[in-house]
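The values are calculated or read from the model by the stated rules, or taken from the named source; none is laboratory data. Note that the structure is predicted; figures quoted are calculated from it, not measured. A quick note on method: Cβ atoms are made from the backbone with ideal geometry, for glycine too, and the neighbour counts reach across all protein chains shown.
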Amino acid sequence: MAVNWAGLVGVIIFYILILAIGLYASKKTKGSTSTDEVMLAGRSIGLSIGVFTMTATWVGGGFINGTAQSVYADGLIYTQAPWGYSCSLIVGGLFFAKKMREQGYVTMLDPFQLKFGKRMGGLLFLPALSGEIFWSSAILAALGSTFSVILDIDTTLAIIVSACIAMSYTLFGGLYSVAYTDVVQLICIFIGLWFSVPFAFTSEHFTTISGPNSTWLGTWDNRYAGEWIDYAFLLVCGGLPWQVYFQRVLSASSARYAQILSYSAGFGCLIMTIPSILIGAIATSTNWTATDYKREVEDSNLVLPLVLQYLTPQAVSTIGLGAVCAAVMSSADSSLLSASSMFSRNVYKLVIRQHATEKEIIWVMKGSIVVFGALATTLAITINSINGLFYLCADFVYVILFPQLVSVVYIGFTNTYGSVCAYFIGLILRLGGGESLLGLNPFIKYPYFDEDMGKQLFPFRTFSMLMSFATLLLVSRLFQYLFTNEVLDKEWDVFECVTNIPPAADSFEMKPKDVDIGEAIEVRDNGEKPLKSNIKFSGVFNPGYDIEF
């Protein structure tokens, strides 16, 4: 097949448009040295743009390609990502968005570091980073497969070019550029995919999805019930502790808006996934040997681009390709900005160089965008399964970060000892289950392990999460008892979080409230003990910022 030059020109024009919009939006942060402006768009995201950018964050290339792939390969009954992530957004709005926004944090990891200490926050950054990187990889891999089918362009080249464009406007404009381009991208996704569906339905090679031989709904097998439950909880609960989500929550102009954005995006994700489900269903009832493709589909990763290429006219397939490009851009830029925001603030600023200036932090963030973008691009080129990456990206976030997120938001007595133990218990139990995508064989065979397939049928991810959560609670209580009852001398409190608390702690928590200028305010350290310093309020206070005294 020769290169589709018309389609290529259309994609180039689309990329130029997105780049122009991103660079135009970057003018809002031009010359700004405020991390609040660059990372959170000045906390000024309203409802209109907020709904678009929150929805576009999840509706990426991995989301729409992976959904079509799953419907084709396994059936709708096993396609859990659309409703799983939608439920996750709604749960986030109910239980986490308001509380996090009211505290005025800058990143998702801020409350972790306030409660468990700066270094523990840096350790928790690792699973958060892996989630964002795997997410970006899934998105870029989806784009590469689409380019290779529709345009006959080398997959590697398509992935690299797309990643570079997403990085470029994110570098200059931060969240402003990401949010403004999300509006255009989400519109393109909606129009592009819905425009393609009627043509695919009326193709001469398509039969029907309502016949007795139709397979798109899938067939339930009780053997996989545990695995199904495992993935269901993984998607709903594992979709919460993401900086890419909380970055939108924290950028909302109010706590109430943060909740509304979450609810709206949850319903938006369901609506946006319908055309992908239909495309996957169409693929199951198509006589592929009669098309120009001339063979059955062996690689389910290619389902969506194959339907666009062989069941729709060329002009329509190009429009559909534009939708995939838009989906990729809308999520890749968000993930890269989220990962770099956490690194620059929660690792570089609070762990490595505490006295770094705002300008220095922004430069570190921009450098991180390039580094993390290169890493995600490399993984997208070397790992094949889009849907596998799509699930894997939430694993470590679910097992390790979800229990700790619930803890810092709702549970007061947990401490660093419990956090450290829970971290490694969760990590060992999850890795023990194995991971074929990473070539890791299971060294823990959970109940119902299938020897023939080498597959865990027990919901071991959820089990690992629950064990991590239980460890966090029990170990925290244990050390609290040992130190407060003087079973252990306070000098053994090496994490300085129970009794051996420094008289002038360098990190503290303040509850946001209205404070008048000149009013004395009480500051508490990580151990909830008031510091003795008599501090007078002398300006506008935002609890997301550090205060030096």
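For residues that are touching a residue at least 24 places away in the same chain (Cβ under 8 Å) and over 21 Å from PHE172 (Cβ atoms), scanning just region 340-374, find the one that is surrounded by the fewest Cβ atoms within 10 Å (Cβ to Cβ).
This residue is GLN354.
Say we look at region 357-397 and pick out the residues that are out of contact with any Ser or Thr (no Cβ under 6 Å at 6 or more places or on another chain), modelled with pLDDT under 90 and hydrophobic (A, V, I, L, M, F, W, C); which of these is farthest from MET39 (Cα to Cα)?
It comes out as ILE383.
Would you tally the residues in region 478-494 being surrounded by 12 or more Cβ atoms within 10 Å (Cβ to Cβ) and modelled with pLDDT of 90 or more?
10
Could you list all residues from region 425-483 that are aromatic (Phe, Trp, Tyr) and on the phi < 0 side of the Ramachandran plot?
Answer for region 425-483, where residues must be aromatic (Phe, Trp, Tyr) and on the phi < 0 side of the Ramachandran plot: PHE443, TYR446, PHE449, PHE458, PHE460, PHE463, PHE469, PHE479, TYR481, PHE483.
Residues in region 417-436: is at least one surrounded by fewer than 17 Cβ atoms within 10 Å (Cβ to Cβ), closer than 24 Å to PHE233 by Cα and aromatic (Phe, Trp, Tyr)?
Yes, there is a match, as at least one residue in region 417-436 is surrounded by fewer than 17 Cβ atoms within 10 Å (Cβ to Cβ), closer than 24 Å to PHE233 by Cα and aromatic (Phe, Trp, Tyr).
Mind checking which pairs have a first residue in region 114-137 that is of a type in the set (Ser, Thr, Tyr) and a second that is at pLDDT 90 or above and part of a helix (DSSP H, G or I), Cβ under 6 Å, 6 or more apart or different chains?
Close Cβ pairs satisfying both conditions: none exist.
For GLY121, are the conditions met, namely being crowded, with 19+ Cβ neighbours inside 10 Å, at pLDDT 85 or above, touching a Phe, Trp or Tyr at 6+ places or on another chain (Cβ under 6 Å) and part of a helix (DSSP H, G or I)?
Taking the combined requirement at face value, the residue satisfies it.
Hey, ALA68 hits all of (1) in contact with an Asp or Glu (Cβ under 9 Å, 6 or more places away or on another chain); (2) closer than 19 Å to LEU143 by Cα; (3) of a type in the set (A, V, I, L, M) but one; which does it fall short on?
For ALA68, the failing item is (1).
Out of all the residues in region 182-206, which are buried (at least 19 other Cβ atoms within 10 Å of the Cβ) and of a type in the set (Asp, Glu)?
Across region 182-206, the qualifying residue is only ASP182.
Which residues, counting only those in region 54-73, are more than 15 Å from the chain's Cα centre (by Cα) and aromatic (Phe, Trp, Tyr)?
The answer is TYR72, and nothing else.
From the list VAL328, VAL307, which one is buried (at least 24 other Cβ atoms within 10 Å of the Cβ), within 18 Å of ALA200 (Cα to Cα) and under 28 Å from the mean Cα position of the chain (by Cα)?
From the options VAL328, VAL307, the qualifying one is VAL307.
Just a yes or no: is a residue in region 236-252 part of a loop (DSSP other than H, G, I, E, B) and more than 28 Å from the chain's Cα centre (by Cα)?
Looking for residues that are part of a loop (DSSP other than H, G, I, E, B) and more than 28 Å from the chain's Cα centre (by Cα), one finds none in region 236-252, hence no.
Quick test for you: out of GLY144, GLY174, pick the one residue that is assigned to a helix (DSSP H, G or I), in the same structural domain as ILE64 (by TED's automatic domain parsing), under 19 Å from the mean Cα position of the chain (by Cα) and at pLDDT below 90.
After applying the criteria, what remains is GLY174.
Working carefully through the options PHE233, PHE201, find the one that is in contact with a helix residue (DSSP H, G or I) (Cβ under 8 Å, 6 or more places away or on another chain), touching a residue at least 24 places away in the same chain (Cβ under 8 Å) and either within 30 Å of SER340 (Cα to Cα) or of a type in the set (Val, Ile, Thr) (or both).
Criteria check complete, one pass: PHE233.
Return the pairs, sorted by first residue and then second, in which the second residue is in a helix (DSSP H, G or I) and β-branched (Val, Ile, Thr), the first residue lies in region 91-112 and is buried (at least 18 other Cβ atoms within 10 Å of the Cβ), the beta carbons are less than 6 Å apart, and the residues are 6+ apart or on different chains.
ALA97/VAL249; MET100/VAL249; ARG101/VAL249; PRO111/VAL408; PHE112/VAL408
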